[in-house]
Ligand code: ADP
Ligand code: MG
């Protein structure tokens with residue numbers, strides 16, 4: 001589906017330009033691509049009013065984004081009113097629909113998921129859940145950073161369960177949707193209906209981004225009771241989150257404890273090889289074959305562990321190749337991504353030391369000194385950790401830069417920070433803000 005690929009790339013571009021999520025969702029999301037050739041792109045919008053308003057207010061954004069890829073392409077927009085054109089993407093929805101509440105992205109299946117060291121545990125856990133829902137790992141709690149495949153795995157689990165013969169009624173929603181439902185039910189005096197619906201209608205409950213419940217005590221309370229009913233009747237629950245349960249700071253203790261009751265697995269940032277494999281797989285799904293070398297070049301150039309970012313770049317490269325009728329090679333990648341990825345600023349040792357010194361309000365000389373006072377030792381250990389992570393220096397090299405310390409001291413420091421990071425929210429924020437300062 002080249003059209004889709006191109007369109008996604010254009011949308012991404014417009015989203016950035018427009019810098020207004022509300023307008024983007026209202027005026028660009030509803031547009032569908034009807035056809036695409038090198039000469040013309042034909043788009044469908046919902047109705048006449050939409051078309052008029054769009055042309056008046058947003059056409060220039062669209063033109064600019066499309067013409068960035070190909071200057072000569074003509075844009076035609078038709079409205080769907082009274083038309084006979086609206087038939088796209090319906091066939092994707094199969095009979096499983098009756099068993100499903102919420103949404104499963106058809107692209108996110110186990111077949112399209114690349115397994116590597118970073119995600120094999122989470123993957124295996126999801127497969128096990130599909131084998132015997134509700135009995136083995138309940139709840140299954142998957143946590144990890146942005147764009148690492150949590151939603152993909154959750155959806156894959158849903159698809160697989162729906163395909164099994166058991167005909168389990170499955171609910172796959174985001175926590176936001178749950179909150180919205182609850183708020184709407186409260187406003188309309190329909191709490192009982194809301195509770196009955198979630199408590200009784202399903203055999204499997206999949207909730208994405210459960211961290212959105214943080215700070216929402218009313219929704220947490222509702223979710224707690226629904227959770228208990230599922231748990232007690234051995235019905236499967238799978239949750240995803242951006243944090244480990246105990247690090248959900250604004251979540252009730254009783255919920256956090258429930259989340260830990262089954263199996264907690266994390267997804268880590270993918271290693272280089274996995275990222276290359278993902279790029280190749282995604283390209284193949286668009287019927288584009290990219291060699292290992294070229295895929296590696298792309299991965300290196302994008303230099304992000306967030307797979308969504310990587311995909312964004314790939315989408316752009318494929319669109320560029322298809323619009324210009326050229327093959328994908330390193331030269332084309334350079335052209336397609338020119339200005340798209342920000343050239344990374346080179347971080348230096350002094351940058352890190354200065355950032356840490358500013359953050360902790362101590363002198364750079366003190367960080368590098370031999371003083372062992374706690375308020376200096378800790379920032380020094382953080383600096384060593386950042387030297388390792390951001391500069392990739394070896395342990396002896398780092399020791400040498402901190403006044404000739406032994407490499408074992410450095411290993412101790414780096415490991416200590418790494419271990420603390422898994423549990424210590426505050427430290428994670430500190431490191432994040434230091435990194436932000438440095439980027
Ligand atoms: P998260 O929910 O963790 O933020 P997503 O599941 O939305 O991340 O993944 C972001 C994108 O990366 C999706 O398009 C997804 O298909 C893709 N992706 C992530 N991990 C993998 C993987 N292991 N194999 C294939 N695609 C992946
Ligand atoms: Mg997600």
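Rule-based calculations on the coordinates, nothing more; no lab input. None of the values given here were measured: they were computed from a predicted structure. For neighbour counting, all protein chains shown are included, and Cβ atoms are generated from backbone atoms with ideal geometry for every residue, glycine included.
For every helix of n ≥ 4 consecutive DSSP H residues, a contribution of -39,500 (n - 2.57) applies; sum these over the chain, divide by its total residues, and give [θ] at 222 nm rounded to the nearest 500 deg cm²/dmol.
Details: 20 runs with 236 residues, N = 439.
Helices in the chain give a 222 nm mean residue ellipticity of -16500 deg cm²/dmol.
If you take every DSSP beta bridge whose two residues both sit in the chain, what share of them, in percent to the nearest 5, is antiparallel? Provide the component values of the computation, followed by the final result.
Working: 4 of 31 bridges.
Antiparallel: roughly 15 percent of the beta bridges in the chain.
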Query raised in the report: Taking square-rooted eigenvalues a ≥ b ≥ c of the alpha carbon gyration tensor, is the chain rounded, prolate or oblate, where a/c under 1.5 means rounded and, failing that, a/b exceeding b/c means prolate?
Result: oblate
Query raised in the report: By its C-alpha gyration tensor, with a ≥ b ≥ c as the square roots of the eigenvalues, how is segment 317-422 shaped: rounded for a/c under 1.5, else prolate for a/b larger than b/c, else oblate?
Result: prolate
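Order by neighbour count: 77, 382, fewest other Cβ atoms within 10 Å first, most last.
Working: 77 17, 382 25.
In order of increasing Cβ crowding within 10 Å: 77, 382.
With an 8 Å cut-off on Cα pairs and a minimum separation of 6 or more residues, tell me the relative contact order of the chain in percent.
Working: 589 pairs, mean separation 64.1, N = 439.
This gives 15 percent for the chain.
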Query - Residues in segment 1-30 reached by a label modelled at residue 57 [backbone nitrogen below 18 Å; 7 Å Cα→Cβ] - result: 14-30
Report summary line: Under the 7 Å Cα-to-Cβ spin-label approximation, residue 374 and residue 426 lie apart by a distance in nanometres of 1.1
Report summary line: GNM of the chain, Cα pairs under 10 angstrom: of 324, 118, 369, the biggest fluctuation goes to 369
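Using Cβ counts within 10 Å as a stand-in for footprinting exposure, how do 282, 368 rank, fewest first? Intermediate results must be reported in sequence, preceding the final value.
Details: 282 22, 368 17.
Ascending Cβ contact count within 10 Å gives the list 368, 282.
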Query raised in the report: Nearest 0.05, what FRET efficiency do residue 335 and residue 271 give at R0 = 25 Å with Cβ-Cβ as r?
Result: 0.35
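Counting other beta carbons within 10 Å of each Cβ, put 300, 176 in order, fewest first. Please list the in-between numbers first.
Numbers: 300 11, 176 15.
With the fewest neighbours first, 300, 176 line up as 300, 176.
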